[in-house]
1. Given (1) assigned to a loop (DSSP other than H, G, I, E, B); (2) surrounded by 15 or more Cβ atoms within 10 Å (Cβ to Cβ); (3) under 19 Å from the mean Cα position of the chain (by Cα), identify the lone condition not met by residue 7.
2. Select from the range 27-49 the residues that are in a helix (DSSP H, G or I) and surrounded by 17 or more Cβ atoms within 10 Å (Cβ to Cβ) and list them in ascending order.
3. Name the residues in the range 110-140 that are in contact with a helix residue (DSSP H, G or I) (Cβ under 9 Å, 6 or more places away or on another chain) and assigned to a loop (DSSP other than H, G, I, E, B), would you?
4. Just the residues that are buried (at least 24 other Cβ atoms within 10 Å of the Cβ) and either in contact with a strand residue (DSSP E or B) (Cβ under 9 Å, 6 or more places away or on another chain) or over 13 Å from residue 35 (Cβ atoms) (or both), please, taken from the range 74-86.
5. In the range 57-73, which residue that is in contact (Cβ under 8 Å) with a residue 24 or more places away in the chain and out of contact with any helix residue (DSSP H, G or I) (no Cβ under 6 Å at 6 or more places or on another chain) is nearest to residue 38 (Cα to Cα)?
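Computed from the coordinates by the stated procedures, all read-outs in this text should not be read as laboratory data. Since the structure is predicted, the reported quantities are computational estimates derived from the model, not experimental observations. A quick note on method: Cβ atoms are made from the backbone with ideal geometry, for glycine too, and the neighbour counts reach across all protein chains shown.
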């Protein structure tokens, strides 16, 4: 589909819902207070401590991701990257996606057809960054 083709009504509605859900995630990150330890912020949502860390005594690949978002949404990007670099990339993807999805739902077309290919690459990159950072935390 090229960028000039009109999206169907279900696609436009899905874009709007996606924008709202991702925007809600950003608002939650703004509401949360970043944990000074670099992880554990998710417990403010009533979630338990990291089971992976409890069972194996090492952090999981996603440890620090919620903290990363809570820091990034406040503009503390360096601390966000330190908390979880993959989480920081996911935050950036989300922050850019909210207005793009909203514009897509309003205009009825993708702002740039290359997004269909770029987003999966960025998501895989975020996942790989989180795994690399996790491995380094365990090794070092």
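1. (3)
2. Selection gives 29, 41, 42.
3. Hits for the range 110-140 are 110, 111, 112.
4. Within the range 74-86, just 86 meets the criteria.
5. 63
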